[in-house]
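Asks: Have a look at this one.
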Amino acid sequence: MNTKQLVLTSAITLALVTGCSEDTASTQSKQTETSKNQIATNQSEKPVSQTESEKANALFDKMFMDAVMRSPMYQSYLGIKKDQDKWDEMTEAKAKEELEISKKNLEKINQFDESKLDDQTKVSLILARQQLEDDIKDYKWRHYNYPLNQMFGIHSSVPSLLINQHSISNLDDAEDYIARLNGIPTLFDQVIDGLNIRAEKGIIAPKFVYPHVIRDSKNIITGAPFNDGEDSTLFADFKNKVSQLEIDQQIKDKLISDAKVALVNSVMPAYNTLIDRVKTLADRATTKDGAWKFPEGEAYYNRALQNTTTTDLTAEEIHQIGLDEVARIHDEMRKIMKQVKFDGDLQAFFEYMRTNERFYYNNDKAGRERYLSEATQLIDNMKTRLDELFIVKPKAGLTVKAVEAFREKSAGKAFYQQPSMDGTRPGTYYANLYDMGDMPTYQMEALAYHEGVPGHHMQIAIAQELEGIPKFRKFGRYTAYTEGWGLYSELVPKEIGLYQDPYSDFGRLAMELWRACRLVVDTGIHAMKWDRQQGIDYYVANTPNPKPDAVKMVERHIVMPSQATAYKIGMLKILELREKAKTQMGDQFDIRQFHDVVLKNGPVPLNVLEQFVNDYINTAAPQ
């Protein structure tokens, strides 16, 4: 064990015994829906005399809030309105500036005397240092991504932010919305410059990506005031929000007129310019799919796996874990086949589950409303059982919504959006109901648990509401931890008697199987040179999901190397740690305490989570 590991072990041990230390230096007031001039960071306020821990926590919070205040878009996600008339700067100069800030921050935190820090602050210091070192190291790989793709990109994130995060509760908010509309051309020009830099390096998205981006972009500039027909997505959103303001109608009319001009003179030209550039790139694109095609592609993918899984597992090891898990889950599914008395092999059962109409709601408004209603009921029922599993529960609310029409065709099956920083905007579970044939009812229960409770909403909302730890830990993300918890949360309800319908339990297994296949296919594409079709064929042969699911998933693998490996790796680690705690603690094991250990310190890398659990065992297990 090296010095860093010894410090971490000691820090976590005492942090678990004593709990989170009071963060007396964190005086950042929570932001409500106030005007943009009312944010109060209080970063200049300092106690007359500070301990080393207080100084460190003050710096951690200042670093976090400084980063937030450099990002108008992240401010909006957190519910802060200070710069809501602006967009982020996406230039090479900005990237270089952020690198220099990271280097300076690393110098600052390395000046702290670790021996003088309380143990929770030692953990924070180790995590902050690791994060900054990673940011500096990964500057080299900053162009190794596709800024525009079928999953996400500025073409869809701009309207999504305006619709979902930019609230309008007063005149200033409305004028800021219009300012953002007029700022889109500059933002898009910066993104295009980034695409050109990547193209010079040979980092161009595969051919399948471009029709999705072009279609979604055209959707934004379709409808009034761009052409005849119903109001476009953004125009309808702005008009609806302004209509609810308690101001003179004459002022409302002027705002709507200004928005119309901005949409026609700024938004439409910006999207058309972006579409033209995308078409040019499409002509240069190939069908090579894996990260191996990039310069130093193998090294990049290995680094991506380290970042995603927070482990040192190799691509080959992850591939084999996936194969083993696929085989195990297939065996579990065969038990359910016997339970429901299905006559046939597993492939026949998969086909039955794909095609039997009993498992699908109508592809109409009534079918979609029914799905949302029943998903909400599942979450509400799960909320009544939380005391059996958790000590701390989130204060922020949770809503269930369908993915908006402008992005539903290319968005994922389901996803979660965090609450605002102050909790006034609830967390949201989005279900993609574009095609009800992609949303079988036997998976509804597991999806609701994963995205809602006890899944992402429990973990993310609780983290945001924690006291006594710096903000970068509350709002940080480690994909293996976050998505590992989400997948683990699909299993937990079964352990307290839910999934009474065996077909729903099959759905749970089907979703776990899906994540196991991800280990195989992600590494297959990016390390073993599988092509897109090989990945699709693997999913179709090994899962009950319809082929459109397989196509979307493989295309996600291609544009987000390594990301999909996080789920199963994270879940397996949580289960491994739970089993270890059960074995060593015997009758003293309490599932609620175990979950508290996992959740109460915010998102962490898996090696840090393991140390938290180990020290929990050591302090509570019988001697």
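The values are calculated or read from the model by the stated rules, or taken from the named source; none is laboratory data. These numbers were taken from a predicted model, which means no experiment stands behind them. We place every Cβ from the backbone using ideal geometry, glycine too, and count neighbours over all the protein chains shown.
Asks: Of the numbered conditions (1) at pLDDT 95 or above; (2) in contact with a Leu (Cβ under 9 Å, 6 or more places away or on another chain), residue 475 fails exactly one; give the number of that condition.
Replies: Just one mismatch for residue 475, condition (1).
Asks: Determine, yes or no, whether residue 355 is over 28 Å from residue 455 (Cα atoms) and outside the structural domain of residue 479 (by TED's automatic domain parsing).
Replies: no
Asks: Those residues that are outside any helix (DSSP H, G or I) and surrounded by 18 or more Cβ atoms within 10 Å (Cβ to Cβ), I need them from the range 275-312; list them, please.
Replies: Scanning the range 275-312 gives 289, 290, 294, 310, 311.
Asks: In the range 198-211, which residues are in a helix (DSSP H, G or I) and in contact with a strand residue (DSSP E or B) (Cβ under 9 Å, 6 or more places away or on another chain)?
Replies: Residues satisfying the conditions are 209, 210.
Asks: Let me ask you something else. Where in the range 528-602 are there helices (runs of 4 or more DSSP H), lying wholly inside it, with at least 1 residues that are within 24 Å of the chain's Cα centre (by Cα) and closer than 27 Å to residue 394 by Cβ?
Replies: Passing ranges, in order: 566-585, 591-599.
Asks: Sort out which residues of the range 554-589 are out of contact with any Phe, Trp or Tyr (no Cβ under 8 Å at 6 or more places or on another chain), under 16 Å from residue 618 (Cβ atoms) and without any contact (Cβ under 8 Å) to a residue 24 or more places away in the chain, and write them in order of number.
Replies: The answer is 583, 589.
Asks: In addition: Counting just the residues of the range 445-454 that are aliphatic (A, V, I, L, M) and over 15 Å from residue 386 (Cβ atoms), which one comes out surrounded by the most Cβ atoms within 10 Å (Cβ to Cβ)?
Replies: 446
Asks: Shifting gears a bit: Looking only at the range 284-327, how many residues end up being free of Cβ contacts under 8 Å to residues at least 60 places away in the same chain and closer than 30 Å to residue 506 by Cα?
Replies: 4
Asks: Please pick out the residue among 122, 104, 108, 86 that is free of Cβ contacts under 8 Å to residues at least 12 places away in the same chain and either not assigned by TED's automatic domain parsing to the domain that holds residue 163 or not in a helix (DSSP H, G or I) (or both).
Replies: 104
Asks: What residue, among those in the range 389-424 that are of a type in the set (Phe, Trp, Tyr) and in contact with a Pro (Cβ under 9 Å, 6 or more places away or on another chain), is surrounded by the most Cβ atoms within 10 Å (Cβ to Cβ)?
Replies: Here the answer is 406.
Asks: For the range 327-378: of the residues being β-branched (Val, Ile, Thr) and closer than 13 Å to residue 502 by Cβ, which is farthest from the chain's Cα centre (by Cα)?
Replies: Checking each candidate, the answer is 340.
Asks: Moving on to the next point. Just to be sure, is residue 422 at pLDDT below 95 and within 28 Å of residue 554 (Cβ to Cβ)?
Replies: no
Asks: Of the residues 195, 255, only one is touching a residue at least 60 places away in the same chain (Cβ under 8 Å), in a helix (DSSP H, G or I), more than 30 Å from residue 282 (Cβ to Cβ) and not acidic (Asp, Glu); which?
Replies: Among 195, 255, only 255 is touching a residue at least 60 places away in the same chain (Cβ under 8 Å), in a helix (DSSP H, G or I), more than 30 Å from residue 282 (Cβ to Cβ) and not acidic (Asp, Glu).
Asks: Does the range 343-363 hold any residues that are without any contact (Cβ under 8 Å) to a residue 24 or more places away in the chain and part of a loop (DSSP other than H, G, I, E, B), and which are they?
Replies: Those that are without any contact (Cβ under 8 Å) to a residue 24 or more places away in the chain and part of a loop (DSSP other than H, G, I, E, B): 343, 344, 345, 356.
Asks: From (1) outside any helix (DSSP H, G or I); (2) surrounded by 15 or more Cβ atoms within 10 Å (Cβ to Cβ), pick out the condition that doesn't hold for residue 185.
Replies: Here residue 185 meets the rest and fails (1).
Asks: Let me ask something additional. When the residues of the range 113-152 are filtered to those that are surrounded by 21 or more Cβ atoms within 10 Å (Cβ to Cβ) and among the small types (Gly, Ala, Ser), which remaining residue is nearest to the chain's Cα centre (by Cα)?
Replies: Applying the filter and picking the extreme gives 128.
Asks: With 505, 537, 522 as the choices, which residue is free of Cβ contacts under 8 Å to residues at least 40 places away in the same chain and of a type in the set (Asp, Glu)?
Replies: 537
Asks: Which of the residues spanning the range 163-175 are surrounded by 20 or more Cβ atoms within 10 Å (Cβ to Cβ) and assigned to a helix (DSSP H, G or I)?
Replies: 173, 174
Asks: Okay, moving on. Against the condition touching a residue at least 40 places away in the same chain (Cβ under 8 Å), surrounded by fewer than 20 Cβ atoms within 10 Å (Cβ to Cβ), farther than 24 Å from residue 167 by Cβ and not assigned by TED's automatic domain parsing to the domain that holds residue 122, how does residue 467 come out, does it pass?
Replies: yes
Asks: Also, quick follow-up: Specify which of the listed residues (582, 547, 600) is in contact with a Cys (Cβ under 8 Å, 6 or more places away or on another chain) and surrounded by fewer than 21 Cβ atoms within 10 Å (Cβ to Cβ).
Replies: Just one listed residue meets the conditions, 600.
A quick yes/no check of all residues on (1) over 21 Å from residue 426 (Cα atoms); (2) surrounded by fewer than 21 Cβ atoms within 10 Å (Cβ to Cβ):
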| position | (1), (2) |
| --- | --- |
| 442 | yes, no |
| 456 | no, no |
| 478 | yes, no |
| 483 | no, no |
| 488 | yes, no |
| 493 | yes, no |
| 497 | yes, yes |
